[in-house]
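Shown next, in structure tokens, is the structure this report addresses.
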Amino acid sequence: MINCLSNMPRVLLALLLCLPAAAFANGSCDASVDPSRPRVGLVLSGGGARGFAHVGVLKVLEDLKVPVDCIAGTSVGAIVGGLYASGMDAHEIESVVRSLDWQGAFRDRPSRRDLAFRRKQDDRNFLVRFPLGLRHGQVLLPKGFVQGQKLQQMLRAMTLQVSDRPRFDDLPTPFRAVATDLETGRGVLMDQGDLATAMRASMSAPGVFAPVERDGALLVDGGLAENLPMEVARAMGADILLVVDVSFQLQSREHLDSALAISNQTIAILVRRDAERQKATLAARDLLIEPELGDTASTDFGAGPKAIERGETAARALAAKLSALSVSDAQYAQYKARRGARVLHSPRIDFVSVDPLSRRYEPTIAALMQPLLGKPLDVAYLGAGLTELYGLDNFESLDYSIVQRDVAGDRQTGIEVRARRKSWGPNYIRFGLNLQDDFQGNSSYNAAARFIVSEVNRLGGEWLTDLQIGENPKIVSEFYQPLTADRRWFLAPSIRAEVRSLPIYQNELRVAEYRVRNSQVDLDFGRDLGNWGEIRSGVHVGGGAARVRLGDPALPVERFQSGEVFFKFSYDRLDNLDFPRQGQTFSVQWNGQRTGLGADIRADRLQADWLIAGSRGRNSLVSWTSFGTTLSVEGITPVQDLYTLGGFFNLSGRPPQSVTGQHYAITRAIYFRKIGRGGEGFLDFPAYLGLALEVGNAWNSRGEMSVGSAHKDATLFLGLDTFLGPLYLGTGYDMAGTSAFYLFLGRTF
């Protein structure tokens, strides 16, 4: 995995240039080996995705009935070697390589579908996706782009059957993994402890993956210290070494045509230096296998099947020499029996506990894991529970182990959960930017910052504050307090003050524009329905004024008071809010203005919004319908309470907020296709070309609502999914003859 570090050459150089030689303790190959044959040690190098070639080599060894008596691996070699040492055979590992979403495994943040519902609502604001830590006035960054949570859980599930074997000599095949101590730069030999953690530590490319804390040391990729751990295998007692080297090859001059390519070459030279020293010690009986992987990138995990085939080809080229190490059918059957019996035990779970550093999360963990008690271990449910916990977005790592304890002479089996808070938390800041330009001299912007103080108490209280400047300045502060350990019921008081513009149109012309200032105090109460939905109700009380900004200065200032009760149901299983490909969102909300709560008039309003997305290949289709109506009103509806349409995806051929009324309905059919070579878009951002058809209007009476009186608009757009949010360049056309152009950065759906 060390070749993944091509974007961080300074970090690598600092580490690599001061690495001393690694010193490793002796171990032992399989003690049950027939003394009449030599003990075979398998050495698997690092190399990122290129390391899947190791699986092809293992397939050939199994076909030729060559037993492996011990394994030493680094980085991806530790992953493949550890899985094989746990009892998996080559075909099982190949199935894993071919079926798993490896790119997804290296995306640390949970998929949007797995996020807690509250965290999904963060996406509704135009905020940069990645929160930064904030402590004592300093902005903090994560220790790695990826914390490795998904990879850790994959390794945990695949090695659960040997979790009761803390000594790696007691695995079906004795095993060693190599990592690097980040503080000293020295190699660290891992021969005992938790197998999944050892494998994960060996592959922790610094700057890409967060370091793994193990036995008091911060461990990173073993390739920094010993990418080809031949000395380790010899120390284990191997008589013959089978060495598989998949490290990145040096490039010729014509390929060294960029700073990135030169950085890659520098890293490859430094990493290969120790490997060449090791290979110089190969004895006459040792075999070196170097699969022809060409320019396959260490980060190209989609090339796993091809790498497996290349490894198999390289090993079969040495079949004659490998066959000399073969054993009889009976001997190989005994070898497989000694390794085999990979029985996945499902012990009864008697208790759930946390380690000492996770005490603050014990109530939440215990509540979510309660259904596991008294039943055989349900790995799928356990994994789903950990995913839900991780979806709270508070944890740097979340792991578990199967443990046992004696209670009054009775041996009990349980689950111990280890939760580690984000090292750059628990206070965070996120930034956002929204820009609009219609290419006719009208432009606006909003810049926002969100401050989050999380984990205020043991139940997970959170204080959130939004500050925004620009066209629509505002300040919002909410204290979100779960009321139960499972965080289902909550109370959320908040305050809000904001200013927004409200244009007034007559006969397609803007005749005035109001600035509406509003302040409000809210008290919400609700229930979280899981990561897919929420029910919320409460009371909102406030007031404000609408003053003319553009137009006749004689227009009066409209002051207003509001006081309402509301109820809202929300459902959200959308995979992406910017360019959705799968899932749907739905919400319905009723608001009741009441004079008894201070409102100027009594009114009831109902709104609903439903979006559903589907895709095939690069093509996606979104159906999106919105509806709002004033059910009853006693008095004249204030201008600031009217529904508005117009603007991008809201009758795109008409100016923003140019269509108003007491009732509205709009439906859109949006098609977009991902463009760009190799799945990449313009300037390395995913890019989409799309078309939208929109039918809708706003009416002053419900009886006027009809398809015939609705506006029909069409939109053509180019979209980029940037780290600042979605960027659109589009044009809209209305059947009445009006049109508009858009440069738009920010949320649309």
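Check residue 186: other-chain or 5+ apart residues with amide H under 5 Å from its amide H, H built from backbone geometry?
Sorted by chain and number, the residues that satisfy this are 181.
When the helix-only estimate is applied to the chain (DSSP H runs of n ≥ 4, each -39,500 (n - 2.57), divided by the residue count), what is the mean residue ellipticity at 222 nm, nearest 500 deg cm²/dmol?
-5500 deg cm²/dmol
How high is the relative contact order of region 199-335? Use alpha-carbon pairs under 8 Å, at least six apart in sequence, and give a whole percent.
Relative contact order for region 199-335 comes out at 20 percent.
Output the pairs from 65/375; 306/674; 150/306 with a Cα-Cα distance over 32 Å in this structure; if there are none, say none.
Violating the 32 Å limit, Cα to Cα: 65/375.
Using a 7 Å offset from the Cα along the Cα-to-Cβ direction at both residue 467 and residue 121, what is the distance between the two label points in nm, to one decimal?
Roughly 2.3 nm, to one decimal.
Kyte-Doolittle cut-off 0.0, length cut-off 27 Å along the helix's own axis using Cα: show which whole DSSP H helices in the chain pass.
Sorted by number, there is nothing, because no helix extends far enough and scores high enough.
Multiplying the sequence separation of residue 91 and residue 380 by 0.36 nm and subtracting their Cα-Cα distance, what value in nm do you get?
Contour length minus the Cα-Cα distance gives 101.8 nm.
Could you check the simple spin-label distance between residue 353 and residue 550, using points 7 Å along Cα→Cβ, in nm with one decimal?
Going by the 7 Å Cα→Cβ label model, 6.9 nm.
Assigning unit charges at the beta carbon (Lys, Arg +1; Asp, Glu -1) and nothing else, what dipole magnitude in debye, to the nearest 20, does the chain show about its Cα centre?
In total the dipole reaches around 380 debye.
Could you state the accessible area per residue of region 558-629 in Å², with a 1.4 Å probe and every protein chain left in place?
Here the per-residue accessible area is 46 Å².
Work out how much length residue 130 to residue 443 would gain on full extension: take 0.36 nm times their residue separation and subtract the Cα-Cα distance, in nm to one decimal.
110.0 nm
What ranking, highest mean first, results for peptides 452-462, 41-51 when packing means the other Cβ atoms within 10 Å averaged over each residue?
By packing density, highest mean first, the sequence is 41-51, 452-462.
Say the dipole of the chain comes from +1 at the beta carbon of Lys and Arg and -1 at that of Asp and Glu; which of 644, 296, 435 then lies farthest toward its positive end?
Sorting the options by dipole projection puts first 644.
Can you give the FRET efficiency for residue 321 and residue 277, using 1/(1 + (r/R0)^6), R0 = 22 Å, r = Cβ-Cβ distance, to the nearest 0.05?
0.40
Let me check against my output: what whole-number percent is the relative contact order of region 363-446, with C-alpha pairs under 8 Å and at least 6 apart?
Computed over region 363-446, the figure is 19 percent.
Probe radius 1.4 Å, ligands and nucleic acids left out: which of 336, 279 has the largest accessible area, and how do the rest follow?
These residues rank, largest area first, as 336, 279.
Let me check against my output: what whole-number percent is the relative contact order of the chain, with C-alpha pairs under 8 Å and at least 6 apart?
Here the relative contact order equals 11 percent.
Find the accessible area per residue for region 457-515; the probe is 1.4 Å, ligands and nucleic acids are left out, and the unit is Å².
Averaged over the residues of region 457-515, the accessible area is 49 Å².
Just going by the charge dipole of the chain, with Lys and Arg at +1 and Asp and Glu at -1 on Cβ, which of 218, 532, 179 is farthest out on the positive end?
532
Give me the accessible area of residue 489, 1.4 Å probe, in Å² rounded to the nearest 10.
That residue has around 100 Å² of solvent-accessible surface.
What nm distance separates the two modelled labels at residue 716 and residue 597, each placed 7 Å from Cα along Cα→Cβ?
Each label point is offset 7 Å from its Cα along the Cβ direction, giving 4.7 nm.
Residue 667 label point, 7 Å along Cα→Cβ, cut-off 12 Å on backbone N: hits in region 689-729?
In region 689-729, the label zone of residue 667 (backbone N under 12 Å from the point 7 Å along Cα→Cβ) covers 694-696, 707-708.
Summarise the accessible area of region 363-411 (1.4 Å probe, protein heavy atoms) by the percent that is carbon and sulfur.
55
Heavy atoms only, 1.4 Å probe, whole protein assembly: order 610, 424, 532 by accessible area, highest first.
610, 532, 424
Skip the ligands, DNA and RNA, and give the accessible area per residue of region 152-220 with a 1.4 Å probe, whole Å².
Accessible area per residue, region 152-220: 32 Å².
Could you point to the residue in 99, 56, 153 farthest towards the positive end of region 41-177's charge dipole, with +1 and -1 charges on the Cβ of Lys/Arg and Asp/Glu respectively?
Ranked along the dipole, the leading option is 153.
Could you tell me which of rounded, prolate or oblate describes region 374-516, using a ≥ b ≥ c as the square roots of the eigenvalues of the alpha-carbon gyration tensor, with rounded for a/c under 1.5 and, failing that, prolate when a/b is larger than b/c and oblate otherwise?
Taking the square roots of the gyration eigenvalues as a ≥ b ≥ c, region 374-516 is prolate.
Straight-line reach only, C-alpha to C-alpha below 19 angstrom: list the aspartates and glutamates that residue 474 could link to, leaving out same-chain residues fewer than 8 apart.
Residue 474 reaches 122, 123, 466, 498, 513, 522, 641.
Whole-Hz Karplus ³J(HN,Hα) for region 725-737, in order, using 6.51 cos²θ - 1.76 cosθ + 1.60 and θ = phi - 60°, x for Gly and Pro?
Going residue by residue, I get x, x, 10, 10, 10, x, 9, x, 9, 9, 4, 6, x Hz, with x marking Gly and Pro.
Round to a whole angstrom and tell me the spacing of the C-alpha centers of region 183-233 and region 549-609.
Centre-to-centre (Cα) distance: 54 Å.
Between residue 483 and residue 506, what FRET efficiency comes out of the Förster formula 1/(1 + (r/R0)^6) with R0 = 60 Å and r the beta carbon distance, rounded to 0.05?
Taking R0 as 60 Å, the efficiency between residue 506 and residue 483 is 0.75.
Working out 0.36 nm times the residue gap between residue 370 and residue 328, then minus their Cα-Cα distance, what length gain in nm do you get to one decimal?
Between residue 370 and residue 328, full extension yields an extra 10.0 nm.
Mind running the shape call on region 180-232? Use the C-alpha gyration tensor, a ≥ b ≥ c as the square roots of the eigenvalues: rounded below 1.5 for a/c, prolate if a/b tops b/c, oblate otherwise.
Rounded shape, in that the Cα axes give a/c under 1.5.
If a/c stays under 1.5 just call it rounded; otherwise compare a/b with b/c (prolate if a/b is bigger, oblate if not). Do that for region 118-159, with a ≥ b ≥ c from the square roots of the Cα gyration tensor eigenvalues.
Verdict is oblate for region 118-159.
Pull up the cross-link candidates among the aspartates and glutamates for residue 321, meaning alpha carbon to alpha carbon under 13 Å and not fewer than 8 places away within one chain.
Result set, ordered by chain and number: 286.
The values are calculated or read from the model by the stated rules, or taken from the named source; none is laboratory data. Note that this is a predicted model, so its numbers are computed, not measured. Because the Cβ atoms are built from the backbone with ideal geometry, glycine has one as well, and the counts that use them run over all protein chains shown. Calculation scope for accessible area: heavy atoms of the full protein, side chains included, ligands and nucleic acids excluded. Shrake-Rupley method; radii C 1.70, N 1.55, O 1.52, S 1.80 Å.
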